[in-house]
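Engineer: The structure follows.
The values are calculated or read from the model by the stated rules, or taken from the named source; none is laboratory data. Not measured: the values here are computed from a predicted model. Cβ: placed from backbone, ideal geometry, glycine included. Neighbour counts: every protein chain shown. Ligands, DNA and RNA are excluded from the accessible area calculation, which covers all protein heavy atoms including side chains. Shrake-Rupley method; radii C 1.70, N 1.55, O 1.52, S 1.80 Å.
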Amino acid sequence: MATHERKKLERSLKPHWVWAIAFGSAIGWGAFVLPTDWIGQAGPIGVVLGILLGAVLMMIIGVSYGFLIEKFPVTGGEFAYAYIGFGRTFAFLAGWFLTLGYLCIVALNASALALLAKFLFPDFVRTGNLYVVAGYEVSIIQIAIASIALILFAILNIRGASFSGRTQFVFSMVLVLGITLLGLGAIFTEGPSISNITPAFKPDQTAIASILTILALAPFAYVGFDNIPQAAEEFDFKPKKAFGLIIWSLLAAGLAYSAMILITASTMPWQDLLAQINAEQSVWGTGDAIESYLGRAGVFIIAIAVSMGIFTGLNGFYISSSRLTFAMGRARILPNAFRKLHSKYHTPYVGILFTMAICLIAPWFGRQALLWVVDMSSTGVAIAYFFCTATAYKFYRWSSNHPAKNNTDVVSPGRKLLSLVGMLSSIGFLALLLLPWSPASLGRESYIVLCIWIVIGIVFYIFNYKRYNQITEKEMNYLILEKEEI
């Protein structure tokens, strides 16, 4: 019989709230801030094909998530799945890298809000310039805007999952409306034309290289659908619905990204657009593109849309990072404080405050740091995807002739094949990011910070190793999975 205390989260999240958490987190600020950067790397059609192919691969990976959520509806997501499939050490590895991914994206969204403010109110935001990082001016106003957002959303999340879920759905619907209005404007106003998206790919590289450059970013672009397993313990519905929510969130996110790429590239010949942005040292290329055909009304619409994207990203990843650290605290691999629940709202408030404290560092580094962080978050998330698909692969059987290893094994050759494809895709994502000769290889700064995170993780694991491994297997099963036998 397990003797360790296991605190539980309240079941309060409705299906459409969970869909909004996944969709809104996947879209975030990237669909509105990064189109011109991506178009410069791959050409408009190269970006769209890379993004849509990435969505398909994420759906394949989503098959494994759907199965594991149904069988193990507990918070912790990939941390729990890595434990099921590979044991405690690999569970810590998956959880540590996924924590990096989630923290990076919370920081990214807060910093993007400061970028939006600099575009809308350039003179005001330049007040109190402090220094320059990689050519980008950092002012006290930008730091204040991002910091206030981080603090407000921390408070919002402490107030309860149902409150967060409800507001997330409202934010997501406003975001969809904003993209729809921008698309209608591009269709019915003078200026934007489909002919402007030629050449389809970046002229000085092959089409395949263009597509792979964007495909490597798929773990970053779609991270957010995996917020669904982080919230599984709080579902107010049957876990079996999770797979459908994953697929619909990925489909909606892929279409939203593609729409914003095509809208941006259609405003004028895209190479001219990029040259104009570089010549004028534009703060926000996509905003300039929208303003060119819709004027200040377009700026207002995209400002509202990107604000909603930032809010959904902040909200969704505060939920996920706090649930992940709560699950790791409950398993005794993080300090006991992380498994505490708020006395009034019953939320993992220590994880929320920890996320806020770490992310309050990011606004001090400016916009260039955003691109370094994108690479790091992609690496952490791709590692987590691998553990999820590899665990699902172990549970599926090719046929009934293969002996079952436990009561959860399922004969499903089709899904076993998909989990294998998902596993290979995860390895491919990591190779594209980590191999120096890859078109999407990490930059030097990203490598440095990633190495620092690895060293901190090694030190942390050494200090917690004894306590983590003293717990019996049955008790650890109970703490992570709420059952003594897998």
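Engineer: Can you give me the solvent accessible area of Thr127 with a 1.4 Å probe, rounded to the nearest 10 Å²?
Structural biologist: Counting only protein heavy atoms, Thr127 exposes about 70 Å² to solvent.
Engineer: I need the Debye-formula profile for region 39-163: one equal scatterer per C-alpha, no solvent, reported as log10 I(q)/I(0) at q = 0.09, 0.10, 0.12 1/Å, two decimals.
Structural biologist: Cα-only, vacuum Debye calculation for region 39-163: -0.47, -0.57, -0.79.
Engineer: Measuring with a 1.4 Å probe in the full set of protein chains, what accessible area per residue, in whole Å², belongs to the chain? Could you put the intermediate results ahead of the total?
Structural biologist: Numbers: 18690 Å² over 486 residues.
Dividing the accessible area of the chain by its residue count gives 38 Å².
Engineer: Using a Debye calculation, one point per C-alpha and no hydration shell, please list log10 I(q)/I(0) for region 204-345 at q = 0.09, 0.19, 0.20, 0.22 Å⁻¹ in order.
Structural biologist: -0.45, -1.23, -1.30, -1.43
Engineer: With all pairs of different alpha carbon atoms counted, what Kirkwood hydrodynamic radius in Å does region 66-113 show?
Structural biologist: Details: mean 1/r = 0.0849 Å⁻¹.
One over the average 1/r among Cα pairs gives 11.8 Å for region 66-113.
Engineer: Binning every alpha carbon pair distance of region 1-85 at 5 Å from zero, what are the percents per bin?
Structural biologist: It works out to 3, 10, 13, 19, 17, 12, 10, 8, 4, 2, 1, 1, in whole percents.
Engineer: So for Met260, Met308, what's the accessible-area order with a 1.4 Å probe, most first? Could the numbers behind the result be given before it?
Structural biologist: Details: Met260 0, Met308 25 Å².
So, going from the largest accessible area down, we get Met308, Met260.
Engineer: Please report the carbon-and-sulfur percent of the accessible area for the chain; probe 1.4 Å, protein heavy atoms only, DNA, RNA and ligands left out.
Structural biologist: The C+S portion of the solvent-accessible surface of the chain is 68 percent.
Engineer: Scan region 252-353 for trypsin sites (Lys or Arg not before Pro) in coil per DSSP, keeping those whose Cβ has at most 10 other Cβ atoms within 10 Å, and list them by number. Walk me through the numbers before you get to the answer.
Structural biologist: On the way: sites: Arg296, Arg323, Arg330, Arg332, Arg339, Lys340, Lys344; in loops: Arg332, Lys340, Lys344.
Hits after loop and neighbour filter: Lys344.
Engineer: Taking each pair of distinct Cα atoms in region 292-343 once, what is the resulting Kirkwood hydrodynamic radius in Å?
Structural biologist: Roughly 13.6 Å, rounded to one decimal.
Engineer: I want to verify the translational diffusion coefficient of region 203-257 in µm²/s; compute it with Stokes-Einstein, Rh as the Kirkwood radius over Cα pairs, at 37 °C and 0.692 mPa s.
Structural biologist: Details: Rh = 13.2 Å.
It diffuses with D of about 248 µm²/s by this estimate.
Engineer: Go through region 179-285 and name the GluC sites (Glu not before Pro) that are in a DSSP coil and have 14 or fewer other Cβ atoms within 10 Å of their Cβ. Provide the component values of the computation, followed by the final result.
Structural biologist: Numbers: sites: Glu190, Glu233, Glu234, Glu280; in loops: Glu190, Glu280.
Of the GluC sites (Glu not before Pro), the ones in loops of region 179-285 whose Cβ has at most 14 other Cβ atoms within 10 Å are Glu190, Glu280.
Engineer: With label points built 7 Å along Cα→Cβ from the Cα atoms of Val56 and Asn129, find their separation and express it in nm.
Structural biologist: Placing both labels 7 Å along Cα→Cβ, they lie 4.7 nm apart.
Engineer: Let me ask something else about it. For the chain, what is the convex hull volume of the alpha-carbon atoms per residue, in Å³?
Structural biologist: 140
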